[in-house]
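A.B. asks: Have a look at this one.
The values are calculated or read from the model by the stated rules, or taken from the named source; none is laboratory data. Note that the structure is predicted; figures quoted are calculated from it, not measured. Quick reminder, even Gly has a Cβ in these numbers, built from the backbone with ideal geometry, and neighbours come from all protein chains shown.
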């Protein structure tokens, strides 16, 4: 089996695929080499490529930050990852004319949340609530006062999340960012199995699933016109539709 894999790796190298260490790469027997482009594709050491549906487009780099295993995936030069949080939305986002959303490093989103276009979330901020007033910047209230005693933190009115009065203003957060007010920013009682704010989470999940459906319709009705005439582009388009068709079912099952 390994000898067959080495033969397939050799054919890819002859095709133009850059493989720095061919002996460390495995290509499964079901992989169609015609679905792997040669122009600008790099497969780094330790990678495994499996599955007859696998498609690797020109310019793709696999395993740049570490070995990866790819099975029945469609990979282009720039890959997007969908998450349960909705950053922007599909109806406006597909037009590519909305203000950008900035998410700083060393931070995160605790989903499901929604973030409006134009929001700027600096580095180190963990967002646990919806940010629906666009064109705003979140600021830490006073970086020099980050260390507050826990008993004071739970009752300090400065820790409450205060939404801006209008678009274009600054949203200031206290030293400890909490999603539902000052008590949540410090300490509160906890009971396993009891979930709070179910309505907001349900609405956000439904909204997210609806946007996935809308994105699939966009690809069916509009984006399909841009994939014609290129065999590899058409295979990529088929893979996109396959993923967009399955994502709503996965989210509904998790919901």
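Table: residues versus (1) farther than 30 Å from residue 208 by Cβ; (2) without any contact (Cβ under 8 Å) to a residue 12 or more places away in the chain; (3) not assigned by TED's automatic domain parsing to the domain that holds residue 122.
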residue: 8; (1), (2), (3): yes, no, yes
residue: 20; (1), (2), (3): yes, no, yes
residue: 45; (1), (2), (3): yes, no, yes
residue: 65; (1), (2), (3): no, yes, yes
residue: 95; (1), (2), (3): no, yes, no
residue: 105; (1), (2), (3): no, no, no
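A.B. asks: Please give the number of the condition residue 202 fails out of (1) more than 17 Å from residue 249 (Cα to Cα); (2) within 22 Å of the chain's Cα centre (by Cα); (3) modelled with pLDDT under 90.
C.D. replies: Every condition holds for residue 202 apart from (1).
A.B. asks: Could you please find all residues in the range 51-76 being closer than 14 Å to residue 25 by Cα and touching a helix residue (DSSP H, G or I) at 6+ places or on another chain (Cβ under 6 Å)?
C.D. replies: Across the range 51-76, there are no qualifying residues.
A.B. asks: Another question, then. Count, please, the residues in the range 16-36 that happen to be assigned to a loop (DSSP other than H, G, I, E, B) and crowded, with 19+ Cβ neighbours inside 10 Å. Can you show your working first?
C.D. replies: So the first thing to find is which residues in the range 16-36 are assigned to a loop (DSSP other than H, G, I, E, B), and the list is 16-17, 19-21, 25, 28-32.
Filter once more, so that each one left must be crowded, with 19+ Cβ neighbours inside 10 Å: 17, 19, 25, 31.
Within the range 16-36, residues that are assigned to a loop (DSSP other than H, G, I, E, B) and crowded, with 19+ Cβ neighbours inside 10 Å number 4.
A.B. asks: Name every residue in the range 86-103 that is exposed (fewer than 15 other Cβ atoms within 10 Å of the Cβ), out of contact with any strand residue (DSSP E or B) (no Cβ under 6 Å at 6 or more places or on another chain) and over 22 Å from residue 205 (Cβ atoms), in order of residue number. Spell out the reasoning first.
C.D. replies: Quick first cut of the range 86-103, residues exposed (fewer than 15 other Cβ atoms within 10 Å of the Cβ) only: 91-92, 95-97, 99-100, 102.
Now narrow it down to the ones that are out of contact with any strand residue (DSSP E or B) (no Cβ under 6 Å at 6 or more places or on another chain): 91-92, 95-97, 99-100.
Result: 95, 96, 97, 99, 100.
A.B. asks: Separate question: Being part of a helix (DSSP H, G or I) and at pLDDT 90 or above is true for just one of 91, 99. Which residue is that? Reasoning before the result, please.
C.D. replies: Details: 99 fails: part of a helix (DSSP H, G or I).
None of the other options fit; the residue is 91.
A.B. asks: Same structure, new question: Does the range 50-61 include one or more residues that are surrounded by 13 or more Cβ atoms within 10 Å (Cβ to Cβ) and farther than 20 Å from residue 236 by Cβ?
C.D. replies: no
A.B. asks: Within the range 117-128, track down each residue that is outside any strand (DSSP E or B), surrounded by fewer than 20 Cβ atoms within 10 Å (Cβ to Cβ) and at negative phi.
C.D. replies: Going residue by residue through the range 117-128, those that are outside any strand (DSSP E or B) are 117-119, 122-125, 128.
From what is left, the residues that are surrounded by fewer than 20 Cβ atoms within 10 Å (Cβ to Cβ) are 117-118, 122-125, 128.
Within the range 117-128, 117, 122, 123, 125, 128 qualify.
A.B. asks: Then there's this: Listed residues 143, 122, 150, 164; which is more than 27 Å from residue 248 (Cα to Cα) and either assigned by TED's automatic domain parsing to the domain that holds residue 208 or modelled with pLDDT of 85 or more (or both)? If you could, list the steps in order and put the result at the bottom.
C.D. replies: Values: 143 fails: either assigned by TED's automatic domain parsing to the domain that holds residue 208 or modelled with pLDDT of 85 or more (or both); 150 fails: either assigned by TED's automatic domain parsing to the domain that holds residue 208 or modelled with pLDDT of 85 or more (or both); 164 fails: either assigned by TED's automatic domain parsing to the domain that holds residue 208 or modelled with pLDDT of 85 or more (or both).
Within the list 143, 122, 150, 164, the selection yields 122.
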